[in-house]
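Trainee: Here it is, the structure in full.
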Amino acid sequence: MNQLEQYFEQNQQRLMHKYQHYFDIYDRYFNRFKNRPITIVEIGVSHGGSLQMWKEYFGTQAIIWGIDIDPRCKSMEEENIHVLIGSQEDPAFLKTVYEQTGPIDILIDDGGHTQEQQRTSFEHLFQHIQPNGVYLCEDTHTSYWNIYGGGHKRQGSFTEYAKNLIDLINAHHTEQTSLQVNEFTKTANTIHFYDSVIVIEKQPRPTPKPKMTGKPSFDATPSQKNLVEKLEMHFLLKTNKLLQSIGLRGYAINRMIDLCSKK
């Protein structure tokens, strides 16, 4: 049992509600921030219990910001804990969040859990996460709940939205104009999917470059293609380019790779 789960089990302060498997996930990504001068933003205050938990866990140098639409949550403020009142799906309000908090080291979205709320918050606040910071969205099981706008493979759910971010992390390697390198590609290092939790870690990422070291174990000098092989290679490249453009499975890929290994 880690420090966070121990705090939760022994909690006699403000009320909080968590799935128990979340605590190992929190500790895995947040432990390195303990006892450092950092800024944490948690969307969703409710009764304020988790704000107090973060304060205890991260130490006296951490500044904790809570966001909630309920004006009563303003009363949860105490030393090193501040609360902003507004809607997480209101872009105008989200702009004011950064103006008040400054750069954010950790953002936890435990707000209203609708698909629109989760997407809007990510689209407006991820850019304000510090390099090497963490964006964590929890309770993403609502991506599968109709009442929250979710459903299996339902367009617009936050989980389906996050799956598309996998493509953006790999955008340096695309051959198609439909996928372009953008700011997310350059600043997001990893995406982790858990039961009901999605974690994105930031880290500046230059264009990846391959490199080889060491000595060859055998003669790797490529052999020459004959005329028939050259014509075959041309046909396979053109065919697979067409199949790629319409999203169909590749044709004779192993043969094409064999031919590519020849001069």
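The values are calculated or read from the model by the stated rules, or taken from the named source; none is laboratory data. This is a predicted model, so every value here is computed, not measured. Backbone-built Cβ (ideal geometry, glycine too); neighbour counts: all protein chains shown.
Trainee: Of (1) surrounded by fewer than 20 Cβ atoms within 10 Å (Cβ to Cβ); (2) without any contact (Cβ under 8 Å) to a residue 40 or more places away in the chain; (3) assigned to a loop (DSSP other than H, G, I, E, B); (4) over 21 Å from the mean Cα position of the chain (by Cα), Val45 satisfies all except one. Which?
Mentor: (1)
Trainee: Could you run through segment 11-26 and say how many residues are surrounded by 14 or more Cβ atoms within 10 Å (Cβ to Cβ) and among the aliphatic types (A, V, I, L, M)?
Mentor: 2
Trainee: Can you find even one residue in segment 27-35 that is among the basic types (Lys, Arg), in contact (Cβ under 8 Å) with a residue 12 or more places away in the chain and either buried (at least 22 other Cβ atoms within 10 Å of the Cβ) or more than 24 Å from Ala162 (Cα to Cα) (or both)?
Mentor: For segment 27-35, residues among the basic types (Lys, Arg), in contact (Cβ under 8 Å) with a residue 12 or more places away in the chain and either buried (at least 22 other Cβ atoms within 10 Å of the Cβ) or more than 24 Å from Ala162 (Cα to Cα) (or both): present.
Trainee: Condition first: outside the structural domain of Ser245 (by TED's automatic domain parsing), in contact with a Leu (Cβ under 6 Å, 6 or more places away or on another chain) and touching a residue at least 12 places away in the same chain (Cβ under 8 Å). Can you find one or more residues in segment 143-166 that meet it?
Mentor: Checking segment 143-166: not a single residue is outside the structural domain of Ser245 (by TED's automatic domain parsing), in contact with a Leu (Cβ under 6 Å, 6 or more places away or on another chain) and touching a residue at least 12 places away in the same chain (Cβ under 8 Å).
Trainee: Restrict the check to segment 105-112 and report whether at least one residue is without any contact (Cβ under 8 Å) to a residue 40 or more places away in the chain and either assigned by TED's automatic domain parsing to the domain that holds Asp27 or not in a strand (DSSP E or B) (or both).
Mentor: The answer is no; no qualifying residue exists.
Trainee: Looking only at strands (runs of 3 or more DSSP E) that fall completely inside segment 128-244, which ones have 1 or more residues that are of a type outside the set (Val, Ile, Thr) and surrounded by fewer than 15 Cβ atoms within 10 Å (Cβ to Cβ)?
Mentor: Per the criteria, 129-138, 188-194.
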